[in-house]
1. Among the residues of segment 64-107, write down those that are among the polar types (S, T, N, Q) and within 15 Å of Met21 (Cβ to Cβ).
2. For segment 50-73, how many residues are in contact (Cβ under 8 Å) with a residue 12 or more places away in the chain and touching a Phe, Trp or Tyr at 6+ places or on another chain (Cβ under 7 Å)?
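Laboratory data are not the source of any read-out in this text; all were calculated from the coordinates shown. Only a predicted model underlies this, so the values are computations on that prediction, with no experimental measurement involved. Because the Cβ atoms are built from the backbone with ideal geometry, glycine has one as well, and the counts that use them run over all protein chains shown.
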Amino acid sequence: MTESDRAEYDRERIDAILKMMREDTSPAALSAADKLDTIASSQDERRWGVEDGARLFRDRYTGDRDALYRDFLALDRRILDFAQELAAMQTSLSEDEANIVGGQQSLLERILDSGERGSRGDVGASGLREEEATRVASNAEVNRG
């Protein structure tokens, strides 16, 4: 796997997306629902008339409008649910990252300890060369940063 193929986790970008979803997108969905509610409250017989055609159209219009209202409320709920799951995933990734860094650090310490006890030149008792220990140390530093 090349460096460019590696997936990266961008905390700042995820934070920005969460903020946008909570502060912009969700309120926009609620605002659209509120506008539909305002439209509904302004409808009456004076506006529609009492003729059969107008009443039939009114019933279809109000049914569609009410469905849109419910859809916008459901959209808001889905946005907030998605944001909550994304935040949970972000927390999980952070915890996993901390575990990985800790594991790498522990491995590095064992490699270096066994290398100091080894008696085969540049190869430690674990069978790892000094270059490999350096690579593990470098990976631990990258993951910590």
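1. Gln84, Gln90
2. 1
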